[in-house]
Amino acid sequence: MTRHLKNHRQGFPQGITLITQDHDETGITFSIIKLKAGESYRFTSRMETAILQMAGTIECKWDNQLIQNTRNSLFDEQPLALHVPNDTQVTLKAITDCECTFFETANDKQFPAVIYSPEGMVDEHRGKGLVEDTSLRFVRTIFDGSNSHPNTELVLGEVVNFPGRWSSYPPHHHPQPEIYHYRFSKPTGYGHAELGEDVMKVRQYDTIKILDELDHAQCSAPGYGMYYIWVIRHLERNRYTVPEFTEEHRWTMEPAGKI
């Protein structure tokens, strides 16, 4: 079983690149789409689908609604994401060269299509004031059980990991499968991803699959900001809410904790 996917370190070609599929261990189909200015991509969702804008100016149309948005920086700008049930027609039109990530999972239940726009979305400063800010990071929870319909099966968010610091910390785990997809502030950037006792060196465009309730703390090399998408699939009768933190490291969550 391959958990660390690193076949695309040179970047992604135009069109659609499939990275994971819903019939593998995660239950999530993850793909990248890159469109040149003027190109359009129309599709009817066959599963529950979340589309996250990564770069460029894009026009998105669904259910007779239309929105246009520009994103120039994953690190400094808030995300735009469209979340639709199966059998929804969506059209993406590239106003400039653009890139989006797609996340799909099997789900026949219906729910209202929702656009999560940058307006009103703020960075959550997790880890501030704890262990000398060594795990301070920005977390953007785009949608989870607190703001999505109960018929949905996905949870989606982003993390901005500061250079030389940790995130997803203290080490934590949960039974629901998860995917992380990485980008860095410079092409030469890298970080380390823990999966239990294993540590993997992650670089630009890498993806890891988090399974088997393994702890999964992360850190970025000094000088390199690390961004990653996190997407989780709910389990039947066990929806994701909050992770379980590893007991021996819980003390780092206390404001009085000192190094």
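Values quoted throughout were computed directly from the atomic coordinates according to the rules given, and no laboratory measurement underlies them. This structure is a prediction, so every number in the text was calculated from the model and none was measured. Please note: Cβ atoms are built from the backbone with ideal geometry, for glycine as well, and neighbour counts cover all protein chains shown.
A few remarks follow.
- Linear extension gain, THR91 paired with SER31, 0.36 nm per residue minus alpha-carbon span: 20.0 nm
- In Hz, Karplus ³J(HN,Hα) per residue of segment 65-81 (6.51, -1.76, 1.60; θ = phi - 60°; x = Gly, Pro): 10, 9, 9, 10, 8, 10, 9, 9, 9, 5, 7, 10, 10, 6, x, 10, 9
- Fewest neighbouring Cβ atoms within 10 Å first, the residues SER220, SER40 line up as SER40, SER220.
- Per DSSP, loop trypsin sites (Lys or Arg not before Pro) in segment 122-167 with at most 13 further Cβ within 10 Å: LYS128
- Lysine pair number, Cα distance threshold 19 Å (strictly under), segment 1-122, separation 8 or more or different chains: 6
- Nitroxide proxy distance, nm - points 7 Å out along Cα→Cβ at GLU132 and SER73: 2.8
- Taking ILE58, ILE16, ILE208 as the candidate residues, the one with maximal mean-square fluctuation in a Gaussian network model of the chain, Cα springs under 10 Å, is ILE16.
- For segment 176-197 versus segment 68-112, the spacing of their alpha-carbon centroids is 22 Å.
- Spin-label pair THR2-GLN65: with each label point 7 Å from Cα along the Cα-Cβ axis, the two points sit 3.7 nm from one another.
- 10 Å Cβ shell holding at most 15 others, DSSP loop, GluC sites (Glu not before Pro): longest site-free stretch of the chain: 120-196
- Sorting LEU156, LEU235, LEU74 from the fewest to the most surrounding beta carbons within 10 angstrom yields LEU235, LEU74, LEU156.
- Spacing of the modelled spin labels on HIS192 and MET121, each 7 Å from Cα toward Cβ, amounts to 3.1 nm.
- Backbone HN-Hα couplings from phi across segment 238-244 [Karplus 6.51/-1.76/1.60, Hz, Gly and Pro as x]: 8, 7, 6, 10, 10, x, 9
- The chain: relative contact order in percent, alpha carbon pairs under 8 Å with at least 6 residues between: 19
- Dipole-positive endmost among GLN53, ASN86, HIS23 within segment 22-91 (Cβ charges, Cα centre): GLN53
- In segment 27-116, the trypsin sites (Lys or Arg not before Pro) that fall in loop regions by DSSP, at most 14 other Cβ within 10 Å: LYS36, ARG46, LYS109
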